1. Sorted from largest down, give the three principal axis spans of the alpha carbons of the range A:216-346, whole angstrom values.
2. Given the C-alpha centroids of the range A:1-70 and the range A:174-200, what is the distance between them in whole angstrom?
3. Just to confirm the filter: which trypsin sites (Lys or Arg not before Pro) across the range A:346-426 are DSSP coil and have at most 15 other Cβ within 10 angstrom of their Cβ?
4. Where does the charge balance sit around A:ALA289 when Lys and Arg score +1, Asp and Glu -1, over other residues with C-beta under 14 Å from its C-beta?
5. So what is the diffusion coefficient of the range A:45-148 in µm² per second by Stokes-Einstein at 20 °C and 1.002 mPa s, using a Kirkwood Rh over Cα pairs?
6. Under the rule that a partner needs its Cβ under 4.7 Å from the first Cβ, which Cys of the protein assembly as shown have none?
7. Taking all pairs of different Cα atoms in the range A:290-434, averaging 1/r and flipping that mean, what Kirkwood radius in angstroms comes out?
8. Among B:13-25, A:52-64, A:7-19, how do they line up by average Cβ neighbours within 10 Å per residue, starting with the highest?
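The values are calculated or read from the model by the stated rules, or taken from the named source; none is laboratory data. All of these numbers come straight from a predicted model, not from anything done at the bench. FYI the Cβ positions are ideal-geometry reconstructions off the backbone, even for glycines, and counts take in every protein chain you see. Just the protein is used for accessible areas: all its heavy atoms, side chains included, with ligands, DNA and RNA removed. Shrake-Rupley method; radii C 1.70, N 1.55, O 1.52, S 1.80 Å.
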Amino acid sequence: MTERVAVTGAGVVTPIGIGTDEFGRGLREGRSGVRRISAFPCAGFETRIAAEVDDASFDAASFVEPPKMLKLMSRSAVFAVASAAMARRAARLGAGDVDPWRIGVCLGAGGMGVVDLDLLEGQADAVLAAGREQRGTRWDIPAFARAYRAHTNPLSMLRGLPNLAAAHVAIQNDARGPNSTVTTACTAGTQAIGEGLRMIQQGDADVVLAGGADAMINPVGVLGFGMLGTLSRRNDAPARASRPFDKDRDGFVIGEGAGVVVLERERFARARGAPILAELAGYGATCDAYRITDERPDASGAAAAIHRCLDDAQVDVDEVGYVNAHGTGTPMNDLTETRAIKQVFGEEARRIPVSSTKSMIGHLLAAAGAVELVASLLALGGGFLPPTINYETPDPECDLDYVPNEARAARFAAALSSSFGFGGQNACLLIRRW
Amino acid sequence: MSADPTLVAGGNLGEVVRQIVADVLMVPVARVQPITELVMELGAESIDFLDVVFRLEQALGKKIPLSRWGDFVKERLAGQDLASGITTDIVREFAEHEAAVP
């Protein structure tokens, strides 16, 4: 029998709480982190709502040493480093407790700092200098280059490279083992944790800091996703806009933040007396190979990912007590996901509670799967089911128990967490009581 | 790019350099003394000097190719260990050198 892998710590930065205590409280209360965008003036945008991290309650500098590293970090890298620090503290994994070469990092990353506002402004200045006054005329690239070179800090490029969040986590934690970045967008956080599991199972590390981070609440992110028709436009009632599985759902709400878990080989965890939250028992991944945004209508890609995950964990469908859904609140995803769950779980589908925490925190993109796994861990350990809030009108085609509106007490032994992203990339994780 | 007028007025290049070093290394300016060793005492690394040269460009209103900093340091600290040799004073001398050339 293969050795088990434990989750020994978790840390999060979310729109409804920094750290697992506050996040857990928010989940139990069904709190919404969705508000009118404050990060930039959004008048005139078709979508003017998002789930932002409350900067006032987040002391970035306290997680970074030395302080000058902050200059090199995009917003999402800061979230990742903070979450990793909190996870490690929770795991009581001190500096000398693990051989540096035996601790790895695997993080999901998204758009990164290339679209941070100050960088966009610099580019805008350079474009203006290029004298392109009207569409269709050639722009003066040498003039652009002169202006860009004159005003752009050379270090700004370092905020935009997706692999550097994981590099910062490694530097802050002296983690010299394998270091990987997963960029499968909405699936990245789940996939990164799954790949981290494999690192340990393959013997390449004893400990892995695994998770995801994203911060796309900026003009390009909001416009980009909005123009694809994926975002809710319920601007008049932000806290009610994210409504997965509801008949009147109209798209997702962008969120930001990060989640990191500490994964440990069983023998290593036992030897040092680590606190154990759960077993990370299974991981399954597939790709629809169908369309860039549309999922296979027969849900076969998603269903296969769930199957693979359950097989990997050697868990039967009747052992799963909770499903943390991808549940973005788009008309298509929620329907396809419901079909996939019914296909895999059959009769059990009616029994198993399925909820979407995106109803509260929005869609954290590359961080979503990681934060949602932490939500699942808190549910498993805390004996409750996070709700799907804003569930007002049932959709006849989505007829499962979505834990509507209020958290419920529930003891269960195993939970499935799913992510089904753009590009048809699907991944699922299974956690089990230790 | 145009020069910082308070600088052109003359005389306080030393203070400008201290502030630049403090901003780049994110330390209080009081910790940046003329003989402070930027690498050994304040943890400066290679990319920090990129940032310093960029901010000197902004202050002096002129382009400063990075190679000029490299050449200056090599010549000025010939035979010395670079890690302990690069002090705030060295940066100030470089800034004065660059301010003087057209």
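1. 53, 34, 26
2. Taking the Cα centre of the range A:174-200 as reference, the centre of the range A:1-70 is 19 Å away.
3. A:ARG351, A:ARG411
4. After counting each charged neighbour, the total is -2.
5. For the chosen part, D equals 121 µm²/s.
6. By the Cβ distance rule, which asks for a partner under 4.7 Å, the isolated cysteines are A:CYS42, A:CYS106, A:CYS186, A:CYS287, A:CYS398.
7. 14.9
8. A:7-19, B:13-25, A:52-64
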